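The values are calculated or read from the model by the stated rules, or taken from the named source; none is laboratory data. This is a predicted model, so every value here is computed, not measured. FYI the Cβ positions are ideal-geometry reconstructions off the backbone, even for glycines, and counts take in every protein chain you see.
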Amino acid sequence: MTTTRSYGDACGVAIGLDVVGERWALLVVRELLLGPRRFTDLRAGLPGASPNVLSQRLRELEAAGVLQRRKLAPPAGSWVYELTPWGAALEPVVIGLGSWALRAPAAPPGGSLSVVSAVLTLRTFFVPERADFRAGYELRFGEDRYAVRVDRGTLATAHGPVTDPVAALDTDARTFVNLLGDSGRLPAEIAAGTVELTGDSDAVTRLLAAVSIPAGQPGSGVPNRPGIPLPA
């Protein structure tokens, strides 16, 4: 195992926690689910993790075989971290944990929200039956670009720009999540300057309406617009 601490328990749950149970470890996995990231990208997505702690988690996860480090081909030439096939198999664990947390008795207020978490929220709560259309979109979060393609009930996302998208949405992660499943907010967000939309606004409305984020349990204090959008 990669840590000096172990539960010393033969159960698979305990063994898994020996690998990804350290603080920030599973969130590092979350940040890599949509593709390779540079160290600076991971720092931006996990602002609460100090550089030293983040570096330690990366070393531990690499030693455990969860992720690997490689150098991009020229002209980029940057070093990036990416999940191994075994590490990528953690996706349903991360998604399941986030969906389970929607029913938590209480959610801590505020907190940061990463772009990756916002895009994963779209993927997690996309309802195929609501998406009987075809369209390509570009989501812009500052310098970050994500391609979204809907094809008759299927959704695909990828890190990077889109060629000739039907529409592009330029916003921040939290505003984007608050729009998911609540497309009626879109005109107000545009008027407030928190969203910039180029292209077909009706197509964006269709995308947002194809998402359904469930509410928490009755009386739980977790509404449809959770304080920490999930999975996160």
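Couple of notes before you dig in:
- If the condition is being assigned to a loop (DSSP other than H, G, I, E, B) and either within 25 Å of L54 (Cβ to Cβ) or at pLDDT below 95 (or both), then the stretch 11-24 contributes G21, E22, R23, W24.
- Within the stretch 35-59, the residues that satisfy the criterion of being buried (at least 18 other Cβ atoms within 10 Å of the Cβ) and not in a helix (DSSP H, G or I) are P36, R37, L46, A49.
Residue-wise test of (1) closer than 19 Å to T171 by Cβ; (2) in contact (Cβ under 8 Å) with a residue 12 or more places away in the chain; (3) not assigned by TED's automatic domain parsing to the domain that holds A64.
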{"position": "P75", "(1), (2), (3)": "no, no, no"}
{"position": "Y81", "(1), (2), (3)": "no, yes, no"}
{"position": "F126", "(1), (2), (3)": "yes, yes, yes"}
{"position": "R140", "(1), (2), (3)": "yes, yes, yes"}
{"position": "A147", "(1), (2), (3)": "yes, yes, yes"}
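- Selection of the stretch 121-152 for residues being outside any strand (DSSP E or B), more than 18 Å from T40 (Cα to Cα) and touching an Asp or Glu at 6+ places or on another chain (Cβ under 9 Å) yields A131, F133, R152.
- Residue in the stretch 166-179 that is out of contact with any helix residue (DSSP H, G or I) (no Cβ under 8 Å at 6 or more places or on another chain) and at pLDDT below 95 present: no
- Failed item, numbered, when A158 is tested on (1) surrounded by fewer than 18 Cβ atoms within 10 Å (Cβ to Cβ); (2) of a type outside the set (S, T, N, Q); (3) in a strand (DSSP E or B); (4) at pLDDT 95 or above: (4)
- Among residues of the stretch 180-202 being over 14 Å from R140 (Cβ atoms) and of a type in the set (S, T, Y), the one that is modelled with the highest pLDDT is S201.
- Test: residue in the stretch 93-104 that is modelled with pLDDT of 95 or more and over 19 Å from the mean Cα position of the chain (by Cα): no
- Filtered residues of the stretch 156-210 (kept if of a type in the set (D, E) and touching a residue at least 24 places away in the same chain (Cβ under 8 Å)): D164, D170, D172, D182, E196, D200
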